[in-house]
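One structure is given here, and the rest of the page talks about it.
The values are calculated or read from the model by the stated rules, or taken from the named source; none is laboratory data. Remember, predicted model here, so these are calculated numbers, not experimental data. Ideal geometry is used to build each Cβ from the backbone, glycine not excepted, and the neighbour counts take in all protein chains shown. Side chains included, ligands, DNA and RNA excluded: accessible areas come from the protein's heavy atoms. Shrake-Rupley method; radii C 1.70, N 1.55, O 1.52, S 1.80 Å.
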Amino acid sequence: MEVIVVLSSQLDLKEIVWLVRKKLWLVIIVTLIGATAAGAYSAWVMKPVYQAYTKLIVNSTAGQAGSFKLDLNMINTNLSLINTYKEIIRTPAIMDLVVQKHPELELTTDQLMHNIRFSSVNGTQVVTISYLDTDYKRAAQVVNSVSYVFQQQIPLIMKVDNVYILHTADLDDQPVKVKPDTKLNTAIGFVAAFLLSITLVLALNYFDDTIRTEADVERYLGLPTLAAIPNIKQGDLKPKTLSISKTTSTGKDGEKNVTQ
């Protein structure tokens with residue numbers, strides 16, 4: 001029983017390959033159109049998105065500004081606080097103040113909360129605040145403003161002053177586009193269009209109920225094929241003329257003999 005199932009699946013796979021080869025022109029056209037459309041949309045329609053970031057360090061100083069104590073227990077405490085700060089920075093307690101102090105950004109609190117990113121490398125006290133925007137200068141202003149407001153509000157919220165700014169975004173930096181990735185989108189469009197073309201070929205074959213071969217008769221009607229009439233071309237209906245070659249020879253008596 002397992003052998004029959006395996007043979008059936010192999011025959012189905014062979015049929016799919018045969019259908020794809022038969023409609024290879026359709027597969028190529030659909031795939032090229034999909035890949036080209038995805039690449040063109042990414043390159044000329046989608047707006048480029050830039051990223052600006054600042055870096056902070058979380059370190060307790062036991063009330064002595066600027067003095068770093070290498071206390072293992074204190075370092076572990078600071079590392080555990082990073083997750084707490086991650087949630088605090090994305091709350092209206094911070095974002096409302098940024099919007100109020102910088103109305104020129106023309107952003108709402110919800111937009112800031114949705115787009116701001118707070119990340120850290122495992123095992124370190126350095127955290128990164130990043131922001132994505134179609135305008136790099138606005139993204140840089142946002143992360144700088146959020147960093148300053150966050151540093152000022154943490155002592156009021158947590159009753160501890162342990163956040164220090166290591167790096168701020170430079171408004172004059174040459175921005176590097178982070179989205180969209182034209183090459184990646186073109187590759188995704190290529191794969192999606194290829195799969196769509198295969199699906200289209202199978203769909204066309206599924207809805208095509210034309211019987212063309214003896215195998216189709218046995219498959220769809222369950223009847224054996226008794227006779228097959230081949231296709232007759234128009235040229236086959238024309239009567240064929242026999243070509244007659246004539247040979248002329250001269251006899252001994254000077255008479256000409258014609259043989260056919």
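Quick notes on this structure:
- Scanning region 98-111 finds no residues that are more than 30 Å from residue 46 (Cβ to Cβ), among the β-branched types (Val, Ile, Thr), in contact (Cβ under 8 Å) with a residue 40 or more places away in the chain and assigned to a helix (DSSP H, G or I).
- Members of region 126-156 that are buried (at least 19 other Cβ atoms within 10 Å of the Cβ) and of a type in the set (S, T, N, Q): 130, 141, 144, 145, 147
- Region 157-177: number of residues that are modelled with pLDDT of 90 or more and loosely packed, with under 13 Cβ neighbours inside 10 Å: 2
- Reported count of residues in region 83-108, each being open to solvent by less than 30 Å² (accessible area, probe 1.4 Å) and not aliphatic (A, V, I, L, M), is 1.
- Qualifying residue in region 178-197 (condition: closer than 23 Å to residue 46 by Cα, in contact with a Pro (Cβ under 9 Å, 6 or more places away or on another chain) and surrounded by fewer than 13 Cβ atoms within 10 Å (Cβ to Cβ)): yes
- Condition check for residue 112: surrounded by 15 or more Cβ atoms within 10 Å (Cβ to Cβ), under 13 Å from residue 89 (Cα atoms) and within 33 Å of the chain's Cα centre (by Cα): yes
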